[in-house]
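Chemist: The structure is given below, and queries will be raised subsequently.
The values are calculated or read from the model by the stated rules, or taken from the named source; none is laboratory data. Bear in mind the structure is a predicted one, so any value in this text is a computation, not a measurement. Neighbour counts are summed over all protein chains in view; Cβ atoms, including those assigned to glycine, are modelled from backbone coordinates with ideal geometry.
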Amino acid sequence: MATPTVITVKASGTYDILLEKGSLSNIGQTVAERFKTCTIAILSDDKVFPLYGKTVTESLEKAGFRTVCHVIPNGEQSKTLDNVTDFINCMTQAQVTRTDMVLALGGGVIGDMAGFAAAIYLRGIPFIQVPTTLLAAVDSSVGGKTAVDISAGKNLVGAFHQPSLVYLDIDTLSTLDAQVMRDGFAEVIKYGIILDRKLFDTVAVPGSFDLKSVIARCIEIKRDVVEQDEFDHGMRGLLNFGHTFGHAIEKLSGFTITHGSAVARGMIIAAKVARIYGFTDYTEIITKVVKDYGFETDCPYSADALYSVILSDKKRSGSDITLVLPKEIGRCTLEKMPAAQVLDLMKKTGL
Ligand code: NAD
Ligand code: GLY
């Protein structure tokens, strides 16, 4: 196995993100080099565990760890408090203590839930992220946001809890459905637009670049943002580019439009809004890349419909809304404005 790429995050906890191809069967040795022998409680889903569970558990056990596995149905509908409680009960029964660890083996759903369980179990135990989707690799496994969904909305119950290690074997992405992989690319394109023109140019033509280098660059960007604003009081908001409109589209579709597809359309709306707001127009260039990845570009909902969902967002601050708008490709800004102005801008885009 080649030497992994190592990216270190210095936040409230300092930890390494290790990226390599074909490294999964080596996870036990790597974890043993960094942490004392203990029990590792693995949370995974019923799509990922049959693919990679045996490799991970055998490797950890060979390195001297005891493993306890809890597998839940795959998909966003599993990201519930009840499922976190079940996982915690499993840990209790297995006598997992504060010197033991949690390991998330899966995409963003598993990572967010395992992280949240680790944050609250015994007032917090360490956890390891083993991301297996592109979205989890470039975004959710880094930065310590953990959460579950409740009936009032997505991610409304959670905690900041940084992982102690992120272990990414890029080969695990080879088994992803094409649509799940494509959804991850919406986030990759997002990083390029918000903070890195060179990355945007690199990924503009699908399939024309080295995936490992692109993932590493996205992680570096997220690392830089998290190190400056771990608790999301300011510039971490840039990561929401395309998401204010995207979340509204996702919700209005009853979640039949996937997250990545909704964010892709949300980025186009943000570009149009930026133009009306007085910034240079980047609609064409953003629309082209979104289209080239095979995403739909039209928003099927009116400005009024989107606005009603945006207004109900519990994370909104007072009567103002902060939009992430592109000033140029590779440089976005946070623009706080009255909610009514957002509706006006959206209407002027023709929605
Ligand atoms: P996901 O975890 O539901 O995974 C998508 C699908 O791919 C699932 O069916 C899963 O079983 C399957 N899958 C995962 N890895 C696979 C593999 N290697 N091979 C085959 N199938 C595989 O979804 P996601 O897109 O990874 O994550 C979305 C979640 O991430 C949302 O809940 C979102 O709120 C959260 N999120 C969190 C953050 C954060 O900072 N914490 C950031 C962005 C998104
Ligand atoms: N994915 C958004 C964040 O980590 O802040």
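Chemist: Could you tell me which residue of region 249-272 is nearest to Phe200 (Cα to Cα), considering only residues that are surrounded by fewer than 20 Cβ atoms within 10 Å (Cβ to Cβ) and of a type in the set (Val, Ile, Thr)?
Modeler: So, considering only residues that are surrounded by fewer than 20 Cβ atoms within 10 Å (Cβ to Cβ) and of a type in the set (Val, Ile, Thr), the one nearest to Phe200 (Cα to Cα) is Thr258.
Residues checked against (1) in a helix (DSSP H, G or I); (2) under 16 Å from Asp139 (Cβ atoms); (3) under 18 Å from the mean Cα position of the chain (by Cα):
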site: Lys190; (1), (2), (3): yes, yes, yes
site: Pro206; (1), (2), (3): no, no, no
site: Glu220; (1), (2), (3): yes, yes, yes
site: Val225; (1), (2), (3): yes, yes, yes
site: Glu230; (1), (2), (3): no, yes, yes
site: Gly237; (1), (2), (3): yes, yes, yes
site: Ala248; (1), (2), (3): yes, no, yes
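Chemist: Looking at region 286-337, which of its residues are within 27 Å of Val203 (Cα to Cα), among the hydrophobic types (A, V, I, L, M, F, W, C) and in contact (Cβ under 8 Å) with a residue 60 or more places away in the chain? Spell out the reasoning first.
Modeler: Step one: list which residues in region 286-337 are within 27 Å of Val203 (Cα to Cα), which gives 286-300, 323-335.
If we keep only those that are among the hydrophobic types (A, V, I, L, M, F, W, C) too, we end up with 286, 289-290, 295, 299, 323-325, 329, 332, 334.
Listed by number, the residues that qualify are Ile286, Val289, Val290, Phe295, Leu323, Val324, Ile329, Cys332, Leu334.
Chemist: Something else: Mind listing whichever residues of region 65-97 are among the polar types (S, T, N, Q) and assigned to a helix (DSSP H, G or I)?
Modeler: Gln77, Ser78, Asn83, Thr85, Asn89, Thr92, Gln93
Chemist: Only one of (1) within 18 Å of Thr57 (Cα to Cα); (2) touching a residue at least 40 places away in the same chain (Cβ under 8 Å); (3) more than 12 Å from the chain's Cα centre (by Cα) is not met by Phe127, so which one is it?
Modeler: (2)
Chemist: If you don't mind, there's one more thing I want to ask. Just checking, does region 171-184 include any residue being closer than 19 Å to Glu227 by Cβ and in contact with a strand residue (DSSP E or B) (Cβ under 9 Å, 6 or more places away or on another chain)? Talk me through it step by step, then tell me what you get.
Modeler: Pass one, region 171-184, residues closer than 19 Å to Glu227 by Cβ: none.
So far as region 171-184 goes, no, none of its residues is closer than 19 Å to Glu227 by Cβ and in contact with a strand residue (DSSP E or B) (Cβ under 9 Å, 6 or more places away or on another chain).
Chemist: Another question, then. Criterion first (surrounded by 14 or more Cβ atoms within 10 Å (Cβ to Cβ) and in a loop (DSSP other than H, G, I, E, B)) does Tyr307 satisfy it?
Modeler: So Tyr307 fails the test.
Chemist: Now for a different question. Any residue that is of a type in the set (S, T, N, Q), in contact with a strand residue (DSSP E or B) (Cβ under 9 Å, 6 or more places away or on another chain) and closer than 26 Å to Val225 by Cα - is there at least one of those in region 320-336? Spell out the reasoning first.
Modeler: Initial filter on region 320-336 (of a type in the set (S, T, N, Q)): 322, 333.
Narrowing further to those that are in contact with a strand residue (DSSP E or B) (Cβ under 9 Å, 6 or more places away or on another chain): 322, 333.
This time we only want the ones that are closer than 26 Å to Val225 by Cα, so: 322, 333.
Yes - at least one qualifying residue is present in region 320-336.
Chemist: Additional query: Looking at Ala63, Ala94, Ala104, Ala114, which is the one that is more than 27 Å from Ile219 (Cβ to Cβ), of a type in the set (Gly, Ala, Ser) and either under 22 Å from the mean Cα position of the chain (by Cα) or surrounded by fewer than 24 Cβ atoms within 10 Å (Cβ to Cβ) (or both)?
Modeler: One residue alone meets the criteria, Ala94.
Chemist: Looking only at region 31-58, how many residues end up being within 18 Å of Leu165 (Cα to Cα) and more than 26 Å from the chain's Cα centre (by Cα)?
Modeler: So the count comes out to 6.
Chemist: Can you tell me which residue is farthest from the chain's Cα centre (by Cα) among those in region 4-24 that are surrounded by fewer than 16 Cβ atoms within 10 Å (Cβ to Cβ) and under 19 Å from Thr172 (Cβ atoms)? Break it down into steps so the answer makes sense when it comes.
Modeler: Initial filter on region 4-24 (surrounded by fewer than 16 Cβ atoms within 10 Å (Cβ to Cβ)): 6, 8, 10, 12-14, 22.
Those left that are additionally under 19 Å from Thr172 (Cβ atoms): 6, 22.
On the way: Val6: 19, Gly22: 22 Å.
Applying the filter and picking the extreme gives Gly22.
Chemist: Filter region 76-94 for residues that are touching a helix residue (DSSP H, G or I) at 6+ places or on another chain (Cβ under 7 Å) and modelled with pLDDT of 95 or more; which is nearest to Ser141 (Cα to Cα)? Full working, then the answer.
Modeler: We begin by selecting, within region 76-94, every residue touching a helix residue (DSSP H, G or I) at 6+ places or on another chain (Cβ under 7 Å); these are 76, 78-79, 83-84, 87-88, 91.
This time we only want the ones that are modelled with pLDDT of 95 or more, so: 78-79, 83-84, 87-88, 91.
Working: Ser78: 18, Lys79: 15, Asn83: 19, Val84: 17, Phe87: 19, Ile88: 20, Met91: 21 Å.
Here the residue is Lys79.
Chemist: Any idea which residue in region 222-252 is nearest to Ala159 (Cα to Cα), counting only those that are away from ligand 1 (no atom under 13 Å from the Cβ) and of a type in the set (Val, Ile, Thr)?
Modeler: Here the residue is Thr244.
Chemist: Further question: Quick test for you: out of Asp112, Asp171, Asp196, pick the one residue that is within 11 Å of ligand 1 (Cβ to nearest atom) and over 24 Å from Ala94 (Cβ atoms).
Modeler: On the way: Asp112 fails: over 24 Å from Ala94 (Cβ atoms); Asp196 fails: within 11 Å of ligand 1 (Cβ to nearest atom).
Result of the check over Asp112, Asp171, Asp196: Asp171.
Chemist: Kindly establish whether Ile17 is assigned to a strand (DSSP E or B), in contact (Cβ under 8 Å) with a residue 24 or more places away in the chain and either within 16 Å of ligand 2 (Cβ to nearest atom) or polar (S, T, N, Q) (or both).
Modeler: So Ile17 passes the test.
Chemist: Here are some residues: Ala41, Ala2. Which one is modelled with pLDDT under 95 and either of a type in the set (D, E, K, R) or not in a helix (DSSP H, G or I) (or both)?
Modeler: Only one candidate qualifies: Ala2.
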